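Comments concern the structure below.
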Amino acid sequence: MTDAIRATGPADILGFIPHALGNAPRESFVFVTLQGNRLGATLRVDAPMEAAPGMFARAMRGYLAADTAATAVLLAVYTDQSAPDAPRPFHGHIEALIEVFDAAGTPLKDGWLVTNTHWQNLLCDSEAGCCAPQPLDSIKDSNLNAEMVFRGSAYAAEPGTTYAPYTGPVERIETITAHYEELANEDMSAPRALWQAALQDTGEIPIHHAMELVAAFQILPVRDVLLCNIIDPNRPTADNSGDLLLGIGISPDWARVDKAQERARELIGLTPEGYRAPLLTLIGWIEFLKGRSSSAADHFEQAVADRPDFRLAVLLGEVINRGTVAAVAKDPATSYKRER
């Protein structure tokens, strides 16, 4: 079996997008660059409810300019903002995108509107009768979606993520506190070694090691270096790590990053409320690096709900709210390639 998957029509492209993103978009603009006849980078942004059309179009062009091999762009607009018989939603923004991408030499080759009831062409003249709504099942039944599923790919039905309430023993808080007091008086070598082992080993983390890690993530300087060690295992401190946190100048080992995300979810299941904020922030930060702003924002919001004073989640949430896309996610050479 080769890695190449053939897309033969719009339903195939729309079937590919959720697999590329890891979830089914809602109220989103999703751009896919074309490199000749090949699909290139995928970028999802929130639907521009308030952004001016020209400003929005120029920002999107700036983001996609990182794909220097792009020859054209595809657009899928996911929204339920208008009824099926109404004029196309975000008309001004789409016209601005057409103009800006044409001027840049990477024209908007095709586009589709996807609602919770149907999908249809977004760029054709509706009066010509070529934009008839199509059933969503045609996306699910597309050859490309079937091939992705056959290869083991799956995606979440919703962008958001929920975590079950803690149901473990109440004594676990005392265990975390005891480990916290021990770690606060030690250097970072022990928690770094424990985290490194968790990212290398298979199987579940032993419960006593899991509680040590949960405690370590409560200590601000230790938390920061453990985050950095996901990308740079040899980094001894988090000093001057601002660029790394914003995804600037890094080329991650995405298998290691995925493992860190998996481990954080495992730890959340063992952690009482009030102690989950660092782990939720870790997952949100990784989602930010992967270019999944909605999921990242959702995790930062959950972290603040868990601990309102958790400053890192607040700051990273503000980065998302400004429309910032991680530099690593904008570069096709370093962006996340979801295993399919």
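The values are calculated or read from the model by the stated rules, or taken from the named source; none is laboratory data. Every value quoted in this text rests on a predicted model; they were computed, and no experiment measured them. Neighbour counts run over all protein chains shown; Cβ positions are idealised from the backbone, glycine included. Protein only, heavy atoms only, side chains kept; ligands, DNA and RNA dropped before computing areas. Shrake-Rupley method; radii C 1.70, N 1.55, O 1.52, S 1.80 Å.
Could you tell me whether Leu244 is part of a helix (DSSP H, G or I), open to solvent by 10 Å² or more (accessible area, probe 1.4 Å), without any contact (Cβ under 8 Å) to a residue 12 or more places away in the chain and not charged (D, E, K, R)?
For Leu244, the condition - part of a helix (DSSP H, G or I), open to solvent by 10 Å² or more (accessible area, probe 1.4 Å), without any contact (Cβ under 8 Å) to a residue 12 or more places away in the chain and not charged (D, E, K, R) - is not met.
Return the residue satisfying two criteria in turn: it lies in the stretch 174-193 and is farther than 17 Å from Ala238 by Cα and out of contact with any helix residue (DSSP H, G or I) (no Cβ under 6 Å at 6 or more places or on another chain), and of such residues it is surrounded by the fewest Cβ atoms within 10 Å (Cβ to Cβ).
That would be Asn185.
When you check Thr324 against the structure, is it within 14 Å of the chain's Cα centre (by Cα) and in a helix (DSSP H, G or I), yes or no?
no
So which of Gly249, Gly274, Gly284 is open to solvent by 20 Å² or more (accessible area, probe 1.4 Å), within 20 Å of Tyr163 (Cβ to Cβ) and among the small types (Gly, Ala, Ser)?
Gly274
Looking at (1) at pLDDT 80 or above; (2) more than 20 Å from Thr115 (Cβ to Cβ); (3) assigned to a strand (DSSP E or B), which is the only condition Ala41 fails?
(1)
Given (1) at positive phi; (2) in a helix (DSSP H, G or I), identify the lone condition not met by Gly317.
With (1) at positive phi; (2) in a helix (DSSP H, G or I) applied to Gly317, the lone miss is (1).
Failed condition for Thr167, given (1) of a type in the set (Ser, Thr, Tyr); (2) within 22 Å of the chain's Cα centre (by Cα); (3) surrounded by fewer than 16 Cβ atoms within 10 Å (Cβ to Cβ), with all others met?
Looking at each condition in turn, Thr167 falls short on (2).
Looking only at the stretch 197-240, filter to residues that are over 16 Å from Gln261 (Cβ atoms) and among the polar types (S, T, N, Q); which one of those is least open to solvent (accessible area, probe 1.4 Å)?
So, considering only residues that are over 16 Å from Gln261 (Cβ atoms) and among the polar types (S, T, N, Q), the one least open to solvent (accessible area, probe 1.4 Å) is Gln218.
Inspect the stretch 136-153 for any residue being surrounded by 15 or more Cβ atoms within 10 Å (Cβ to Cβ), modelled with pLDDT under 90 and closer than 30 Å to Ala277 by Cβ and give the result as yes or no.
No, because not a single residue in the stretch 136-153 is surrounded by 15 or more Cβ atoms within 10 Å (Cβ to Cβ), modelled with pLDDT under 90 and closer than 30 Å to Ala277 by Cβ.
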